[in-house]
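Please find one structure pasted underneath; my questions will follow.
The values are calculated or read from the model by the stated rules, or taken from the named source; none is laboratory data. The structure displayed is predicted, hence computed values, not measured ones. Neighbour counts are summed over all protein chains in view; Cβ atoms, including those assigned to glycine, are modelled from backbone coordinates with ideal geometry.
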Amino acid sequence: MSSKEIFKNYSWFFITTILITFLILELIGVQQYGIEIYNMQKVQRVPENSEMIVVLAGSGGRLEAAYDLMKGNNIPRMFIAGTYNKVSFDQLSKTYHWSINDRDRIKIDNISTSTWENAKVSEEFAKQNNIKNIVLVTSIYHMQRAELLFRRVFKNDGVQITTYATSVQQLEYNAWWHDFNVFRKILNEYFKFQYYRVLFAGK
């Protein structure tokens, strides 16, 4: 075997080893991400001095949980970010059976279309109303990325952010491994989360 062939074989072996190592590390990362999501199901509490709930519109029982949290903890305001279209309070109150007396407590954002934009419009509203303590509500799968982006946007605002993750059903400890739908959601969020971690690294 010529030195050229030896070098070629060694190169393929080296590249394959790197790829396998990378995949193993990423699989471990996905597993850890899934465990962190599972741990979010533990008892969640919000500070007594919470001034506003920021709920990111979407699935996972977010709006229902956010409204109940607002009412149950007597939180003055709720900001709904990212409804994507011209949704009104009347439409939401009819769908979710909200009290019409809460109309003035609930602000609806129909403009933002991404988690980053959700954070930016929430920051703007918080500044306008001098709010320094918010509760961030979103789905259990989305929470880690949402928290990362919100903390980045609110970095210099002196705003305390408490998270409250929602889920329509209890997540099993190893569901990420044997439930394809759960695995797909975790994998999707894991890579989005890592993308933003890299993007913000050193900034």
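Rundown of residues vs (1) at pLDDT 90 or above; (2) among the hydrophobic types (A, V, I, L, M, F, W, C); (3) on the phi > 0 side of the Ramachandran plot, yes/no style:
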residue	(1), (2), (3)
Ile108	yes, yes, no
Lys120	yes, no, no
Gln128	yes, no, no
Ile134	yes, yes, no
Val153	yes, yes, no
Gly158	yes, no, yes
Ser167	no, no, no
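Also: What is the residue count in the stretch 37-61 for residues that are under 19 Å from Asn188 (Cα atoms) and either modelled with pLDDT of 75 or more or assigned to a loop (DSSP other than H, G, I, E, B) (or both)?
Going through the stretch 37-61 one residue at a time, the tally reaches 6.
Same structure, new question: Taking the stretch 62-85 as the search range and keeping residues that are of a type outside the set (Val, Ile, Thr) and assigned to a strand (DSSP E or B), which one is farthest from Asn129 (Cα to Cα)?
Taking the candidates together, the pick is Ala81.
Name the one entry in Arg103, Arg197 that is over 17 Å from Val54 (Cβ atoms) and at pLDDT 90 or above.
Arg103
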